[in-house]
1. Taking the stated definitions as given, is ASN158 within 19 Å of ALA199 (Cβ to Cβ) and either more than 14 Å from the ligand (Cβ to nearest atom) or not β-branched (Val, Ile, Thr) (or both)?
2. For ASP46, indicate whether it is at pLDDT 95 or above, in contact with a Gly (Cβ under 6 Å, 6 or more places away or on another chain) and either of a type outside the set (A, V, I, L, M, F, W, C) or farther than 18 Å from ASN158 by Cβ (or both).
3. Looking at LEU70, LEU58, can you tell me which residue is closer than 22 Å to ILE165 by Cβ and crowded, with 20+ Cβ neighbours inside 10 Å?
4. Any idea which residue in region 130-157 is farthest from SER86 (Cα to Cα), counting only those that are within 13 Å of the chain's Cα centre (by Cα) and surrounded by fewer than 22 Cβ atoms within 10 Å (Cβ to Cβ)?
5. If you take the residues of region 129-145 that are touching a helix residue (DSSP H, G or I) at 6+ places or on another chain (Cβ under 9 Å) and assigned to a helix (DSSP H, G or I), which of them is nearest to the ligand (Cβ to nearest atom)?
6. Residue by residue through region 100-120, note down the ones that are surrounded by fewer than 21 Cβ atoms within 10 Å (Cβ to Cβ) and over 27 Å from LYS27 (Cα atoms).
7. Checking the structure you have, find out if any residue of region 105-128 is away from the ligand (no atom under 16 Å from the Cβ) and assigned to a helix (DSSP H, G or I).
8. If a residue must be polar (S, T, N, Q) and in contact with a Lys or Arg (Cβ under 6 Å, 6 or more places away or on another chain), how many such residues does region 51-81 contain?
Amino acid sequence: MLNSPQTAYNGAATQGRIFLIMTDSAKLPKIVILGTGGTIVSSGDDPLMLTGYRIKGLNVETLLCAVPELQYFARIEAHQIANIDSSSMTFSIWLELGRAIEKAAADPDTAGIVVTHGTDTMEETAWFTHLTAKTQKPIVFTGAMRPATALSADGPLNLLNAVRIAADPKAAGRGVLVALNDVILSARDAMKISPTNAAAFGPNVQGPLGLIAGAEILWLGLSVLRRPFPFPSLLPWRFLASTSFTLMLTTTA
Ligand code: ASP
């Protein structure tokens, strides 16, 4: 039997770290959410403002407050890595995110990791993470196409589903996943195919790895094996900016 939705936050964002600790939830898997910004934490002037919105006062903490149902599926620990429109994503944030993922994954108590990210460059960050993360634990990228203030905002359910996927032992070992609008894609294959539709991501070639169907997560396929690159100590800045790195991103794994 599930507890009634009572969400306890032990404080607001403190030193970039937020905890969401649920009563009687010790049996639930621990999922670490790493927030980087994007439409999922953006605000418009009114519920019909579906373009031209901005990141204003919202962040990963307000996202958690919007989805108290997370407590039914996981113990959540959330960190704010950045709070930017993903068109402003930088190599520096990629590295910080990579370190945060490695740190979270190294904790034996962590079952999986969710990254919230703007959709403009989600496929690039997810691909970088797919190439560099060493852990076999699930890493799920999600975001939204409608701002948090929109009529029928898609962010809350996308986040809930991403947490459910990250908490599913069957998600392990599949490489980085991109999950929005009930579809689970490999980061190897995820491509943004619409600038406005909630079904913004499609597979380039191989089709979805899985689907959310109501209360079920249906796994359909496997990702090919990853060959993680050394990270972060052996990835110097000049190499990141180099043509060979760009080529490597486009030709390997
Ligand atoms: N401009 C936003 C971003 O990439 C778009 C989105 O999240 O859907 O941050």
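1. Judged against the criteria, ASN158 is a match.
2. no
3. Just a single option satisfies the conditions, and that option is LEU70.
4. Top of the filtered list is LEU157.
5. Only one residue fits best here, namely THR129.
6. ASP120, the sole residue that qualifies.
7. Yes, the conditions are met somewhere in region 105-128.
8. Qualifying residue count for the region: 0.
The values are calculated or read from the model by the stated rules, or taken from the named source; none is laboratory data. Because the structure is predicted, anything quoted here is derived from the model rather than measured. All Cβ positions, glycine included, derive from the backbone under ideal geometry; neighbour counts span all protein chains shown.
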